[in-house]
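> Encoded as structure tokens, here's the structure I'll be asking about.
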Amino acid sequence: MSVVTVQLGQCGNQIGFEVFDALYTDSHCPQGLCSKRENEAYQASCKERFFSEEENGVPIARAILVDMEPKVTSQTLSKAAQSGRWKYGQHSCFCQKQGSGNNWAYGYSVHGPRHEESIMNLIQKEVEKCDSLSGFFIIMSMAGGTGSGLGAFVTQNLQDQYSNSLKMNHIIWPYRTGEVIVQNYNSILTLSHLYRSSDALLVHENDALHKICAKLMNIKQISFSDINQVLAHQLGSVFQPTYSVEGSCHYRRNPLGDLMENLVPHPEFKMLGIRNIPQMSENSLAYSTFTWAGLLKYLRQMLISNSKMEEGIDWHVQPPLSRLPTLGKASLNRELQFNTSIANLVILRGKDVHSADLGGFKDPALYTSWLKPINAFNVWKTQRAFRKYEKSAALVSNSQFLLKPLDTIVGKAWNMFASKAYIHQYTKFGLEEEDFLDSFTLLEQVVASYCNL
């Protein structure tokens, strides 16, 4: 089954390129540590998901590029074409000459309705090329105007027109220090609208990615390209094929459906995060060896202490004792900053993958009381290595990991709203104060729900 990717705005298009490049590079990597037959099956599965083929044999990304300014889309198209390995389709791009000025309302209320037909037609043509559609993967920022406002509008349209297909939005959480003065407004409006129309929100935080670049990749002057490559590596480690069942040589056919089934048991809880181990520069990788026991020990502690990388983990945070009454458990969580999970999916790739012991992730104390570990935890495996990593593990989790950042963004936006700061910039494009209040109400409910796990 195929996934149609929708790249929105500057951020979405730059990330989209790196994601397709990472998927292609990995699937054509000679060091897959598996038989030729297995490698060919892996390549075919990756291609079915993310690429279609043109007559001359160059894979074409199953993607639509949308931006309200032409610069980034034209750079992205030519970069892919120049690689000579894969490219975007000839008619896969929609752009205009005027951006959204970092204004969510302009993207949502002006660009959205004005260009709805053209954008949805492009998406429909891409869908028609798929033998079978798994769903949509929508890449966007939530701080600016086009990715966030137009992204929310397009997602809503996808929900209306493809109600039976899954929609996963990949959203980039802005730097805490701020990129745009109104980023908190744009963020709460984006999140609240996506919560109504998307099936899952896969979130990456710029601050966490920046730290990975600095501390794990040893990059001195970090660019957005560096950040996007780290991010693409993490997404690739989740979306590349894995076996459907233990001991099988058949790859899963419905990537989005399987992810949702494992990780989103209730529509109130849609926030997903990725952790990945190991992640390091190629120079360091050449001198490193790993065991499954070591990798999984670190990955489990990253989960429960809510650490985004293996460096600087707080080893003092431990799961609360299962026999504690709920009230005691909740207060202990707050005290030790224990990250309670609803659902976790571990994806293992590489040598001796079937010998890995995942008992530590089946501890009932890691999960909310209303789900048993047998329903809350899943593992996917393949002996085929990812990129140049002999062994690697990714963890996709639905947990309390975003509670603090979400609460902070809602609080900052509310403080601005209470003093009516910049509201006129939104109301002049048709948004009303009531729309802000609806967003605050919905997101406060999301915070409360995750808080009470």
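The values are calculated or read from the model by the stated rules, or taken from the named source; none is laboratory data. Source: prediction; values computed, not measured. For neighbour counting, all protein chains shown are included, and Cβ atoms are generated from backbone atoms with ideal geometry for every residue, glycine included. SASA here: full protein model, heavy atoms, side chains in, ligands and nucleic acids out. Shrake-Rupley method; radii C 1.70, N 1.55, O 1.52, S 1.80 Å.
> Could you grab me the full set of residues in the range 119-151 that are small (Gly, Ala, Ser) and touching a Phe, Trp or Tyr at 6+ places or on another chain (Cβ under 6 Å)?
145, 148, 149
> Same structure, new question: I'd like the full set of residues that are of a type outside the set (S, T, N, Q) and farther than 21 Å from residue 4 by Cβ, limited to the range 76-106.
Across the range 76-106, the qualifying residues are 84, 97, 99, 101, 104, 105, 106.
> List every residue pair whose Cβ atoms sit under 8 Å apart, with the two residues 6 or more apart in sequence or on different chains, where the first one lies in the range 369-383 and is under 20 Å from residue 321 (Cβ atoms) and the second, anywhere, is among the acidic types (Asp, Glu) and part of a loop (DSSP other than H, G, I, E, B).
Close Cβ pairs (under 8 Å, with a partner that is among the acidic types (Asp, Glu) and part of a loop (DSSP other than H, G, I, E, B)) amount to 373/363.
> Condition (residue is free of Cβ contacts under 8 Å to residues at least 24 places away in the same chain, acidic (Asp, Glu) and either surrounded by 20 or more Cβ atoms within 10 Å (Cβ to Cβ) or assigned to a helix (DSSP H, G or I) (or both)) applied to the range 275-289: is it met by at least one residue?
Checked against the condition, which is being free of Cβ contacts under 8 Å to residues at least 24 places away in the same chain, acidic (Asp, Glu) and either surrounded by 20 or more Cβ atoms within 10 Å (Cβ to Cβ) or assigned to a helix (DSSP H, G or I) (or both), the range 275-289 yields no hits at all.
> Within the range 21-105, considering only strands (runs of 3 or more DSSP E) that don't extend past its boundaries, which have at least 2 residues that are under 23 Å from the mean Cα position of the chain (by Cα) and under 23 Å from residue 240 (Cβ atoms)? Spell out how you get there, then give the answer.
Values: elements: 51-53, 59-61, 63-67, 93-95.
So the answer is 51-53, 59-61, 63-67.
> If you don't mind, there's one more thing I want to ask. Would you mind telling me which numbered condition in (1) open to solvent by 30 Å² or more (accessible area, probe 1.4 Å); (2) in contact (Cβ under 8 Å) with a residue 60 or more places away in the chain; (3) in a helix (DSSP H, G or I) residue 181 fails?
So the condition that residue 181 fails would be (3).
> Pairs needed: first member in the range 39-66, hydrophobic (A, V, I, L, M, F, W, C); second member anywhere, buried (at least 20 other Cβ atoms within 10 Å of the Cβ) and modelled with pLDDT under 90; C-beta distance under 8 Å; at least 6 residues apart or different chains.
Once the first residue is hydrophobic (A, V, I, L, M, F, W, C) and sits in the range 39-66, its partners that are buried (at least 20 other Cβ atoms within 10 Å of the Cβ) and modelled with pLDDT under 90 give 41/251; 66/146.
> Inside the range 409-441, can you point out the residues that are under 11 Å from residue 188 (Cα atoms) and in contact (Cβ under 8 Å) with a residue 24 or more places away in the chain?
409, 410, 412, 413, 414, 435, 436, 438, 439, 440
> Take residue 309 and decide whether it is assigned to a helix (DSSP H, G or I) and surrounded by fewer than 21 Cβ atoms within 10 Å (Cβ to Cβ).
Numbers: assigned to a helix (DSSP H, G or I): no; surrounded by fewer than 21 Cβ atoms within 10 Å (Cβ to Cβ): yes.
No; evaluated as a whole, the condition is false for this residue.
> Is it true that some residue in the range 314-332 is small (Gly, Ala, Ser) and either open to solvent by less than 20 Å² (accessible area, probe 1.4 Å) or modelled with pLDDT of 90 or more (or both)?
No, because not a single residue in the range 314-332 is small (Gly, Ala, Ser) and either open to solvent by less than 20 Å² (accessible area, probe 1.4 Å) or modelled with pLDDT of 90 or more (or both).
> Is there a residue in the range 125-140 that is more than 27 Å from residue 268 (Cα to Cα), in the same structural domain as residue 264 (by the TED database) and surrounded by 21 or more Cβ atoms within 10 Å (Cβ to Cβ)?
yes
> Can we say residue 444 is free of Cβ contacts under 8 Å to residues at least 40 places away in the same chain, over 25 Å from residue 168 (Cα atoms) and open to solvent by 60 Å² or more (accessible area, probe 1.4 Å)? Write out each step before concluding.
On the way: free of Cβ contacts under 8 Å to residues at least 40 places away in the same chain: yes; over 25 Å from residue 168 (Cα atoms): no; open to solvent by 60 Å² or more (accessible area, probe 1.4 Å): yes.
Taking the combined requirement at face value, the residue does not satisfy it.
> Criterion first (at pLDDT 95 or above, open to solvent by less than 20 Å² (accessible area, probe 1.4 Å), small (Gly, Ala, Ser) and not assigned by the TED database to the domain that holds residue 349) does residue 413 satisfy it?
Details: at pLDDT 95 or above: yes; open to solvent by less than 20 Å² (accessible area, probe 1.4 Å): yes; small (Gly, Ala, Ser): yes; not assigned by the TED database to the domain that holds residue 349: yes.
In short, yes.
> Please enumerate the residues belonging to the range 340-368 that are among the small types (Gly, Ala, Ser), at negative phi and in contact (Cβ under 8 Å) with a residue 12 or more places away in the chain.
Correct list: 341, 343, 355, 356, 360, 365.
> Please work out if residue 202 is open to solvent by less than 30 Å² (accessible area, probe 1.4 Å), hydrophobic (A, V, I, L, M, F, W, C), part of a helix (DSSP H, G or I) and modelled with pLDDT of 95 or more. Steps first, answer last, please.
Numbers: open to solvent by less than 30 Å² (accessible area, probe 1.4 Å): yes; hydrophobic (A, V, I, L, M, F, W, C): yes; part of a helix (DSSP H, G or I): no; modelled with pLDDT of 95 or more: yes.
So residue 202 does not fit the description; no.
> Please work out which one of (1) of a type outside the set (A, V, I, L, M); (2) at pLDDT 90 or above; (3) in contact with a Cys (Cβ under 9 Å, 6 or more places away or on another chain); (4) open to solvent by 10 Å² or more (accessible area, probe 1.4 Å) is the condition residue 26 fails and give its number.
Every listed condition holds for residue 26 apart from (4).
> Can I ask one more? Picking from 240, 229, which residue would you name as being open to solvent by less than 10 Å² (accessible area, probe 1.4 Å) and in the same structural domain as residue 132 (by the TED database)?
Working: 229 fails: open to solvent by less than 10 Å² (accessible area, probe 1.4 Å).
240 is the lone residue from the list that is open to solvent by less than 10 Å² (accessible area, probe 1.4 Å) and in the same structural domain as residue 132 (by the TED database).
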